[in-house]
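Enquirer: Quick one: the structure is below, and I'll ask about it shortly.
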Amino acid sequence: KEAGARLKKCVLELGGSDPYLILEDADLDHAVESCVTSRLLNAGQSCIAAKRFLVVEPLREAFERRFVERMRRARMGDPMQDGVEIGPQARADLRDALHDQVQRSVAKGARLLLGGTVPAGPGFFYPPTVLTDVKRGMPAYSEEFFGPVASIIPVKDLKAAIKVANDTPFGLGAAV
């Protein structure tokens, strides 16, 4: 507001809880690859990375299976090396906060399909993690997850997907 009133250039770091809608006419192979690529961008530390995957029930099982398989193949390590898709988190406190969000979501009923553990060893790594059965009231539904954690939210149909997609205080990006 202050910068706009004075016509000053500014850079803002805004949060995102970017929904990706996977609807009945989706090409699942393309959707899965696009979703994983967007979720793992910069080890998931991007405000415009895909975070919430709203999947219509008829595709849910197939999407979850393929998505988890693809996330499982993502390699963690030095992001400057060929074939590495997931580098470390920027700081230990960020990794620990991300892990806490995952644990609180699971405690509230989210189902962990992949990952969700802090690996031993040097660096602030967090593995590719997939949560499903995510619902309103869970951190995985409403908070920004700044790391390689994906939230799958089953929805009945397009109307429900739009409602869930818009049920956020954030608004940076979305995809269908």
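Enquirer: For region 120-146, what are the residues that are at pLDDT below 95 and not in a helix (DSSP H, G or I)?
Expert: Correct list: Ala120, Gly121, Pro122, Gly123, Glu143, Glu144, Phe145, Phe146.
Enquirer: Would you check which residues across region 98-115 are within 24 Å of Val164 (Cα to Cα) and either assigned to a loop (DSSP other than H, G, I, E, B) or among the small types (Gly, Ala, Ser) (or both) and list them?
Expert: Passing the criteria: Ser105, Ala107, Lys108, Gly109, Ala110.
Enquirer: Related question: Within the group Arg65, Arg72, which residue is touching a Pro at 6+ places or on another chain (Cβ under 8 Å), open to solvent by 80 Å² or more (accessible area, probe 1.4 Å), on the phi < 0 side of the Ramachandran plot and in a helix (DSSP H, G or I)?
Expert: The match here is Arg72.
Enquirer: Let me ask something else about it. Taking the condition of being assigned to a loop (DSSP other than H, G, I, E, B) and either farther than 23 Å from Arg73 by Cα or hydroxyl-bearing (Ser, Thr, Tyr) (or both), how many residues in region 19-47 meet it?
Expert: Adding up the residues that qualify gives 5.
Enquirer: Being in contact (Cβ under 8 Å) with a residue 24 or more places away in the chain and not in a loop (DSSP other than H, G, I, E, B) is the filter; apply it to region 161-176 and report the residue that is least open to solvent (accessible area, probe 1.4 Å).
Expert: Filtering region 161-176 for residues that are in contact (Cβ under 8 Å) with a residue 24 or more places away in the chain and not in a loop (DSSP other than H, G, I, E, B), the one least open to solvent (accessible area, probe 1.4 Å) comes out as Ala161.
Enquirer: In this structure, is Phe125 crowded, with 17+ Cβ neighbours inside 10 Å, under 19 Å from Ser38 (Cβ atoms) and either charged (D, E, K, R) or touching a residue at least 40 places away in the same chain (Cβ under 8 Å) (or both)?
Expert: Details: crowded, with 17+ Cβ neighbours inside 10 Å: yes; under 19 Å from Ser38 (Cβ atoms): no; either charged (D, E, K, R) or touching a residue at least 40 places away in the same chain (Cβ under 8 Å) (or both): yes.
Criteria not met by Phe125.
Enquirer: When residues of region 147-159 are filtered for being open to solvent by 30 Å² or more (accessible area, probe 1.4 Å) and not in a strand (DSSP E or B), how many remain?
Expert: Step one: of region 147-159, the residues open to solvent by 30 Å² or more (accessible area, probe 1.4 Å) are 154, 156-159.
From what's left, not in a strand (DSSP E or B): 156-159.
Matching residues across region 147-159 total 4.
Enquirer: Let me ask something else about it. Specify which of the listed residues (Gln81, Gln89) is of a type outside the set (Lys, Arg), over 16 Å from the mean Cα position of the chain (by Cα) and assigned to a loop (DSSP other than H, G, I, E, B). Quick ask: steps written out before the conclusion?
Expert: Details: Gln89 fails: over 16 Å from the mean Cα position of the chain (by Cα).
Step by step, each of Gln81, Gln89 is checked, and only Gln81 is of a type outside the set (Lys, Arg), over 16 Å from the mean Cα position of the chain (by Cα) and assigned to a loop (DSSP other than H, G, I, E, B).
Enquirer: Modelled with pLDDT of 95 or more and open to solvent by 80 Å² or more (accessible area, probe 1.4 Å): does that describe Arg95?
Expert: No, not satisfied.
Enquirer: Take the conditions of a type in the set (A, V, I, L, M, F, W, C), farther than 22 Å from Gly173 by Cα, in contact with a strand residue (DSSP E or B) (Cβ under 7 Å, 6 or more places away or on another chain) and crowded, with 20+ Cβ neighbours inside 10 Å and apply them to Ala110. Does it pass?
Expert: The answer is yes for Ala110.
The values are calculated or read from the model by the stated rules, or taken from the named source; none is laboratory data. Note that the coordinates shown come from a computational prediction; the quantities given were computed from them, not determined experimentally. Neighbour counts run over all protein chains shown; Cβ positions are idealised from the backbone, glycine included. The area values use the complete protein model at the heavy-atom level, side chains included, leaving out ligands, DNA and RNA. Shrake-Rupley method; radii C 1.70, N 1.55, O 1.52, S 1.80 Å.
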